[in-house]
Amino acid sequence: MPGIKLKEGDFIEGALRAFKKQVEKAGVIGDIKRKAHYEKPSIRLKKKSVAARKRRIKQLKKFGHF
């Protein structure tokens, strides 16, 4: 669980920025969004396949094969 310790004289804005960075790095927000709604395994597999296809096409375009 992300957390920060404040010292005497630290500003709240800087502490909040550091906390947000730790939360983002830990992947807490993505995890919450993923668990917000149930997704059937077949739908999850289809999304994964589409994402892989898009990555592959992007990679081929990058190297000029497409």
Problem set entry | Modelled FRET efficiency - R0 35 Å, Ile43 with Glu13, Cβ distances, 0.05 increments | 0.30
Exercise. Which sequence of Glu8, Glu39, Glu13, Glu24 reflects their accessible areas, 1.4 Å probe, from the largest down?
Worked result: Glu8, Glu24, Glu13, Glu39
Exercise. When Rg and Dmax of the Cα atoms in Å is calculated directly from the model, which label among (1) 19.5, 58; (2) 12.1, 33; (3) 15.4, 47 fits?
Worked result: (1)
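The values are calculated or read from the model by the stated rules, or taken from the named source; none is laboratory data. These numbers come from a predicted model, not from an experiment. Because the Cβ atoms are built from the backbone with ideal geometry, glycine has one as well, and the counts that use them run over all protein chains shown. Keep in mind that these areas ignore ligands, DNA and RNA; they rest on the heavy atoms of the full protein, side chains included. Shrake-Rupley method; radii C 1.70, N 1.55, O 1.52, S 1.80 Å.
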